[in-house]
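Below is one structure, written out as structure tokens; comments come after it.
The values are calculated or read from the model by the stated rules, or taken from the named source; none is laboratory data. Predicted model, so just to flag it, every value in this text is computed and none were measured. Virtual Cβ from ideal backbone geometry, glycine too; neighbours counted across all protein chains shown. For accessibility, only protein heavy atoms count, side chains too; no ligands or nucleic acids. Shrake-Rupley method; radii C 1.70, N 1.55, O 1.52, S 1.80 Å.
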Amino acid sequence: GLTLSESKIKLKNAFSKTYSTIKSKEPSTFLDISLGQLKGLNVHILGFVNSPGVYALHPFSDPFTALFYAGGVDTSGSLRNIQIKRSGKLIKTIDLYELLIHGDSSDDILLQSGDVVFIPPVGDTAGIDGEVRRPAIYEFVPGETLSDLVAYAGGLTASAFTKKSTLERIINNEQKTVINYSKENAQLKD
């Protein structure tokens with residue numbers, strides 16, 4: 001995690017304790033550090049991405065970098081269930097909303113040569129429109145609520161009328177129901 005200059009200083013200080021020819025505060029011709037050619041990774045990026053295939057990536061690549069090279073997730077792909085597979089086994093599932101909406105990259109891992117980044121089809125979705133900051137169609141996972149959907153949409157605008165909202169729901173691709181929602185209405189829970 002150090003820069004090249006910081007690494008040189010740290011190594012020089014460590015070696016100067018053992019070798020008298022290396023002085024920690026003086027330039028030394030006996031100790032030098034440099035970066036050589038790093039071996040690239042071959043990573044399979046498959047599923048619902050814009051350009052699936054095998055990509056040669058730099059050795060410090062993560063799944064987000066891999067998706068960038070593959071042109072991103074296509075409109076039919078899941079952003080909530082990105083699967084990283086190594087030697088045929090699922091090693092990590094990444095929810096890209098954590099990075100895109102919350103700015104949290106703690107799910108990030110470094111890829112290894114031969115890894116597969118697989119994007120399955122999009123899961124359940126809900127659209128939100130009206131007085132929200134980012135109207136769009138969002139993918140949701142079990143347990144998420146209407147409040148989560150509003151949060152994904154960046155929250156309500158200052159001109160939003162919060163006393164009344166309308167929820168349209170399609171049931172089994174056959175029936176459309178409309179629920180008028182207000183904070184006082186007990187029909188619709190978060």
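Scan Ile94, Ile137, Ile119 and give me the residue that is under 30 Å from Gly53 (Cβ atoms) and touching a residue at least 60 places away in the same chain (Cβ under 8 Å).
The unique qualifying residue is Ile119.
What do you reckon, is Tyr19 open to solvent by 40 Å² or more (accessible area, probe 1.4 Å), of a type in the set (Phe, Trp, Tyr) and modelled with pLDDT of 95 or more?
Taking the combined requirement at face value, the residue does not satisfy it.
Tally up the residues in the range 47-68 that are of a type in the set (Phe, Trp, Tyr) and crowded, with 18+ Cβ neighbours inside 10 Å, please.
1
Given the criteria modelled with pLDDT under 95 and crowded, with 16+ Cβ neighbours inside 10 Å, does Leu41 qualify?
yes
Could you count how many residues in the range 110-139 are touching a helix residue (DSSP H, G or I) at 6+ places or on another chain (Cβ under 7 Å) and more than 17 Å from Gly72 (Cβ to Cβ)?
Adding up the residues that qualify gives 3.
Looking at (1) in contact with a Gly (Cβ under 9 Å, 6 or more places away or on another chain); (2) not in a strand (DSSP E or B), find the lone condition where Ala56 falls short.
Of (1) in contact with a Gly (Cβ under 9 Å, 6 or more places away or on another chain); (2) not in a strand (DSSP E or B), only one is false for Ala56: (2).
Can Phe118 be described as at pLDDT 85 or above, within 30 Å of Ala56 (Cα to Cα) and of a type outside the set (A, V, I, L, M)?
Taking the combined requirement at face value, the residue satisfies it.
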